[in-house]
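Below: the structure, in structure tokens.
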Amino acid sequence: MTTNPALASWVEEVAALTLPARIHWCDGSDLENEQLTAEMLADGTLLRLNEETHPNCFLHRSNPNDVARVEHLTLVCTTDQQDAGSNNHWMSPAEGHQKMDALYAGCMSGRTMYIIPYLMGPYGSPYARAGVEITDSPYVVANMRIMARIGSRALAHIDAGNSFIKGLHSIGDLNPERRFIMHFPEELMIKSFGSGYGGNALLGKKCHALRIASWQARTEGWLAEHMLILGIQNPAGEVTYVAAAFPSACGKTNLAMLVPPEAYAGWKVWTVGDDIAWLHPGEDGQLWAINPEAGFFGVAPGTSMKTNPNCMQTLGRNTIYTNVGLTPDGQPWWEGIDGDKPEGLLDWQGRPHDSSNGPVAHPNARFTVTAAQCPSYSSEANAPSGVPISAIIFGGRRSTVAPLVLESLDWAHGVFTGAAVASETTAAAVGQVGQVRRDPMAMKPFCGYNFGDYWAHWLSFSERCAELPKIFHVNWFRKDADGRYMWPGYGDNMRVLKWITERCSGVADAVTTPVGLMPNRADIDLTGLALTEQTLDALLAIDTEVWSKEVDDIHTFFEGFGDRLPEGLKEQVGRLREAVRNRA
Ligand code: OXD
Ligand code: MN
């Protein structure tokens, strides 16, 4: 129950539309979680995993048609279509509400309606924002409890008169024909129907903390970004904080929890967040970042003691696994996990594994786990003012074109570099995997407004912050002529992070190239790594012919934003074209 009249009347309105059998206000307590878990075990929504090896861990198997984000069914409903931009699917708010309300009519009959008050951001942070998700899915409640700060404390914040985002969710009948994720940024409202998958259903995450928050951030002078946040500690004990944007399923969680190679004695990486950063100009002129989330909703396949030991130590207790395989003794299993593949596996759909049915775990199988269990969790992760950001890194998954690392010449060039990010698509969203597409700032699926306005907002930070971070671009995924990855990635990415921090502190060298500043071969410390100088040269190579095509492609992409494209980016295209031509 609430004393906030706006919340009370909205709950009443939703109940009158959806007609639930029961209404439950979530307090976020352990007792509540135990009761919900017992109900989900009883009706098969959850399976208990091996209590000895995986205490308090559960497996959820989704409907096979509901295992990823649905970008084609995700809409931004603004009065003026231009405000949503060509980067978003659009519907008018009136039509959007009508469509969704027709789906919601009576949809909760016989079900419990859960009201989840939540806070995105640390308790006591001036940057934290509240939301309320109304859902008929106990699985959503259990996941939201891990991913956000839910319950009584969040409700007290709302009852104190603070604003909140309204998010209405129903799993409906999971019919993909009746599935939509709609955003009404002008009303600070989200309506989601027909999916139980994380990115579509845990409304605090992508819908609130990125799409709606990016809209709010533009009007209020901050940034809501698809970025991990990490702290890099050098042997002298100094910590440099970095925010890094990569498209979904491109290794953000692995980078956020990186363990440096043996040769990097005294270096340490601290995890602040693995997916979302809210960045605010501080009074000291720096950009400060908080992680609005409290947990990790990460991709399981490929995660192992080799690729991400911190993550493996985070998992294994109090974890919800979704769409992973199952060993005969009740342990979760996925492709790439440590050890040999056991006999007698059940696949993610609960069938005896047969490779003709595809992989054991779904490629987008996930784990949901509290960040507090992570051994590298930063002591600053809950700092109310966040952490000061010295570097921003953009990256994509590109087998060609983009070098291992480059540094932007200045803020405007950095914004251009981010706006021009391209990446091969992954299983995190429904659709073809491996297609190169432009994914500016890794925000293609998440920017709640016109990219042209978004880039202008990014450019405006040169006026807002006296001490802006340096901006870099990395590519861990470049391949050789035989299609093999040239860079080992994972812990060895530390070698690039070290150069980046040393560029920030002014001690590392760089050379100027047409595309930006780059390390000399000797600036990347390869101690302990069997990588030939020729391979490093290939990783750092800039092919002017390829780049001249790249500039044309960026130009064509930018032109799609018409008169909303800021002059500052047009100038950057001209500068790059000229620089590449002069070098050719
Ligand atoms: C995610 C995504 O789940 O980006 O973080 O899809
Ligand atoms: Mn993400």
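Enumerate the whole-percent occupancy of each 10 Å bin, from 0 to the last occupied one, for all C-alpha pair distances of the range 370-519.
Calculated P(r), rounded to whole percents: 10, 32, 38, 19, 1.
Between the range 29-100 and the range 205-257, what's the alpha-carbon centroid distance in Å?
22 Å
Could you list S505, S125, S399, S355 so that the one with the fewest beta carbons within 10 Å of its beta carbon is first and the one with the most is last?
In order of increasing Cβ crowding within 10 Å: S355, S505, S399, S125.
May I ask you to list the chymotrypsin sites (Phe, Trp or Tyr not before Pro) in the range 94-185 that are in a DSSP loop and have at most 13 other Cβ atoms within 10 Å of their Cβ?
Here the chymotrypsin sites (Phe, Trp or Tyr not before Pro) that fit, given the DSSP loop and packing criteria, are Y123.
Might you report the magnitude of the Cβ-based charge dipole of the range 99-232 about its Cα centre, with Lys and Arg at +1 and Asp and Glu at -1, to the nearest 20 debye?
About 200 debye.
Pull out a ≥ b ≥ c, the square roots of the eigenvalues of the alpha-carbon gyration tensor of the range 91-143, then state rounded if a/c is under 1.5, prolate if not and a/b is larger than b/c, and oblate in the remaining case.
Oblate, since a/c reaches 1.5 and b/c is not below a/b.
If you place +1 on the Cβ of every Lys and Arg and -1 on the Cβ of every Asp and Glu, how big does the dipole about the Cα centre of the chain come out, in debye to the nearest 20?
Around 300 debye, computed over the chain.
Mind checking the dipole of the range 486-556: about its Cα centre, +1 per Lys or Arg Cβ, -1 per Asp or Glu Cβ, Debye to the nearest 20?
I would put it at about 260 debye.
For every other residue with a beta carbon closer than 12 angstrom to the beta carbon of G231, add +1 if it is Lys or Arg and -1 if Asp or Glu, then tell me the sum.
My count for the surroundings of G231 gives -1.
If you add up the charges near L41, with Lys and Arg at +1 and Asp and Glu at -1, over every other residue whose beta carbon is less than 14 angstrom from its beta carbon, what do you get?
-2
In the range 396-531, if the dipole is taken from +1 on Lys/Arg beta carbons and -1 on Asp/Glu beta carbons about the Cα centre, which of A530, C465, V515 is farthest to the positive end?
A530
Tell me the mean residue ellipticity at 222 nm calculated for the chain from its helices only (DSSP H runs of n ≥ 4, each -39500 (n - 2.57), averaged over every residue, nearest 500).
-7500 deg cm²/dmol
What is the local net charge at V580, summed over the other residues whose Cβ is closer than 12 Å to its Cβ (Lys, Arg +1; Asp, Glu -1)?
Charge balance in the 12 Å sphere: 0.
If I take the Cα coordinates of the range 190-272 and project them onto the principal axes, what are the three extents in Å, biggest first?
Taking max minus min along each principal axis of the Cα atoms, the range 190-272 gives 50, 31, 16 Å.
On a 0 to 90° scale, report how tilted helix 544-559 is relative to the longest principal axis of the chain, with both axes built from alpha carbons and the result rounded to the nearest 10.
40 degrees
With r defined as the distance between the Cβ atoms of L531 and E238 and R0 fixed at 30 Å, what FRET efficiency is calculated, to the nearest 0.05?
Efficiency computed from Cβ-Cβ geometry: 0.65.
Which shape class applies to the range 417-504: rounded if a/c is under 1.5, otherwise prolate when a/b exceeds b/c and oblate if not, where a ≥ b ≥ c are the square roots of the Cα gyration tensor eigenvalues?
oblate
Enter the Cα centre distance for the pair the range 451-471 and the range 262-293, rounded to the nearest angstrom.
Spelled out, the Cα-based centre of one part sits 18 Å from the other.
Ranking I23, I181, I320 by Cβ neighbours within 10 Å, fewest first, what do you get?
Ascending Cβ contact count within 10 Å gives the list I23, I320, I181.
Please state, rounded to one decimal and in Å, the Kirkwood hydrodynamic radius that the range 184-337 gives when every pair of distinct Cα atoms enters the mean of 1/r.
Kirkwood hydrodynamic radius for the range 184-337: 17.4 Å.
Based on other C-beta atoms within 10 Å, arrange D27, D563, D347, D284 from fewest to most.
Taking fewest neighbouring Cβ atoms as first place, the list is D563, D284, D27, D347.
Could you sort 526-535, 486-495, 35-44 so that the peptide with the highest average Cβ count within 10 Å comes first and the rest follow in order?
Sorting 526-535, 486-495, 35-44 by mean packing, highest first, produces 486-495, 35-44, 526-535.
If the limit is 27 Å between Cα atoms, which of K479/K549; K206/K252; K191/K470; K99/K166; K99/K570 go over it?
K191/K470; K99/K570
Expressed in nm², what is the orientationally averaged projection area of the convex hull enclosing the Cα positions of the chain?
The Cα convex hull of the chain, projected and averaged over all directions, gives 25.6 nm².
Give me the three principal axis extents of the range 363-421 from the C-alpha atoms, as integers in angstrom, largest value leading.
38, 36, 17
Values quoted throughout were computed directly from the atomic coordinates according to the rules given, and no laboratory measurement underlies them. Computed from a prediction, not measured in an experiment: that's the story for all the values here. All Cβ positions, glycine included, derive from the backbone under ideal geometry; neighbour counts span all protein chains shown.
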